[in-house]
Amino acid sequence: MTQSTTKTSPRRRKFKIRWIFYFIIGLVGVLAIYAWATGARQEAIETGEPHMKAAIYTNYGSPDVIEVRDIKKPVPNDDQILIKVHAASVNPLDWHYLEGTPYVMRAMGVGLRKPEQPRLGINLAGVVEAIGKNVTQFKPGDEVFGGKQGAFAEYVCARADRAIVLKPASLTFEQAASIPTAGVTALQGLRDTGRIQAGQKVLINGASGGVGTFAVQIAKSFGADVTGVCSTKNLDLVRSLGADHVIDYTKEDFTKGSERYDLILDNVGNQPLSGFKQVLKPKGICVMIGGGGPGDNGLIGPMARPLKALLLSPFISQKMSMMMADLTKNDLTTVADLMQSGKVKAVIDRTYPLSQIAEALRYLEKGHARGKVVITMATETK
C-alpha cells in the first residue's frame, strides 16, 4: 500500500504569501480608518513653576517643527523616580516619531493626526533627584540610565520598576545614555533571535552605526568570527572594535562572495533578501533590525521588508527574522557589565547641547554617524 504526499508548488506558495501580505495590509488599513474616526488626543503640555527645558513637537514633520521650550518640571508619583537628565542619545526611532512614519505607527497609538505624546527622546542617563513613597530600589543621588519617552529634557519621571538601572561608576553619562536602544538591540538580536554560538561566522551589515558598533563587540564577546560591513572611511574603526574581517561595501558586494555565514545581523536593509539567502549557511539565521531610516516612509515603511522575510522564512531552510529591542533591567545591566569589563565600549560620534536637538537629528538622518549621537543638557534649570 503506497502513501501519497502532497507538495505545494512554488507558484502556489507565492500565491499564498501574496494573499497573506494583502490581508495584513488590509488589517492595517482598517486600524488606520478606526484611528481616524475616533480622533487623536494630544497630551497637554503643562507650564508653570518650577519649569525646565524640553524638546517638544506638536505636529509631525522635519526637525524644523521641534521647539525647545519651558514646560512644567514633573513631579514623581508614588511609584516613580524623578531623574535629572545629564545625557540622552538619539535613535532612528526618534525621527520616526517626529515624522509620524511609518503611518501604521500612528494607527497603533502614536497619534494619527498629531503626536499623542509631544515629548521626544527615549534613552537617557542622569541622577535621581526624588523618589515616590513606594520606591525602594533607588534613592536620591543614584546615577542611573535606561529608557523613558520624553528623554530630551532636563528632567523626566520614570517608573522605578521599568527599564531604569544603576549606572556603573566607570561609565560617563554620555556612554551610559548610548546603551539602551542600540546596545540592547545588538545583544538581543545576536543572543536571542540569532542564537549566536562560539565559533560561528557572523556578519554585521552596517557595522559602524549605533547598533553595529555594539554588535561587533558583543559578537566577539560570544567568541564568534566576526565580519563587519561598512564604508571605506569606517574600516579602521570596525577593525578596532575587534572585527576579524571587514568588507568595504563601496568596493565589494558581500552577497556575491564565496563566504557563508551562520548569522547575519542586518542594520541597514540595503540588500535584497535573495542576497542574504545566498550567503547564509543552510541553517543560517538573518536578523533584520526594525526601525529603518528616514526614507522608509509609506503605510508600513521599514516593516515591509521584514514582513516579506517572515512570510518567506517558512519556505526556506534558513530563518529570516525581524526584531526590535525590549528594554529590560537585566539586559541593560548585561551591556553595562560588558562595558565595565572592557569587552565593549561606546562609540560616540558627536555630542550636541539640547538647544541643538534639531541639528542632531538632521545629522543622524544623513546616515553617516559613526556609532552614537548624544545630547547633553548644557542649560541650567531655573
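The values are calculated or read from the model by the stated rules, or taken from the named source; none is laboratory data. In this text the structure is predicted, and so the values were computed from the model without any measurement. Cβ atoms come from the backbone with ideal geometry, glycine included; neighbour counts cover every protein chain shown.
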Just checking, how many residues over region 162-206 are more than 16 Å from Val347 (Cβ to Cβ), assigned by TED's automatic domain parsing to the domain that holds Asn91 and charged (D, E, K, R)? 2
Just checking, which of Gly209, Gly146, Gly189 is at positive phi, crowded, with 24+ Cβ neighbours inside 10 Å and touching a residue at least 24 places away in the same chain (Cβ under 8 Å)? Gly146
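Against the definition (in contact with a helix residue (DSSP H, G or I) (Cβ under 6 Å, 6 or more places away or on another chain) and not in a helix (DSSP H, G or I)), how does Ile218 come out, yes or no?
Details: in contact with a helix residue (DSSP H, G or I) (Cβ under 6 Å, 6 or more places away or on another chain): yes; not in a helix (DSSP H, G or I): no.
For Ile218, the condition - in contact with a helix residue (DSSP H, G or I) (Cβ under 6 Å, 6 or more places away or on another chain) and not in a helix (DSSP H, G or I) - is not met.
Can you confirm whether region 310-328 contains a residue that is on the phi < 0 side of the Ramachandran plot and modelled with pLDDT of 95 or more? Reasoning before the result, please.
First, the residues of region 310-328 that are on the phi < 0 side of the Ramachandran plot: 310-328.
With modelled with pLDDT of 95 or more added as a condition, the list becomes 327-328.
Yes: one or more hits.
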When you check Thr255 against the structure, is it of a type outside the set (A, V, I, L, M, F, W, C), outside any loop (DSSP other than H, G, I, E, B), modelled with pLDDT under 95 and out of contact with any Ser or Thr (no Cβ under 7 Å at 6 or more places or on another chain), yes or no? yes
Subset of region 77-102 that is more than 25 Å from Ser178 (Cβ to Cβ) and surrounded by 20 or more Cβ atoms within 10 Å (Cβ to Cβ) - its residue that is modelled with the lowest pLDDT: Pro102
State all residues of region 326-376 that are under 25 Å from Gly242 (Cβ atoms) and assigned to a helix (DSSP H, G or I); if no residue qualifies, say none. Asn330, Asp331, Leu332, Thr333, Thr334, Val335, Ala336, Asp337, Leu338, Met339, Gln340, Leu364
Of all residues in region 51-66 being modelled with pLDDT of 90 or more and in a loop (DSSP other than H, G, I, E, B), which is surrounded by the fewest Cβ atoms within 10 Å (Cβ to Cβ)? Ile66
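Considering only region 138-175, state which residues are small (Gly, Ala, Ser), within 25 Å of His51 (Cβ to Cβ) and part of a loop (DSSP other than H, G, I, E, B). Please lay out each step first, then the result.
Start the filter on region 138-175 by keeping residues that are small (Gly, Ala, Ser), which leaves 141, 146-147, 150-151, 153, 158, 160, 163, 169-170.
The next check asks that each one be within 25 Å of His51 (Cβ to Cβ); those that pass are 141, 146-147, 150-151, 153, 158, 160.
Scanning region 138-175 gives Gly141, Gly150, Ala151, Ala160.
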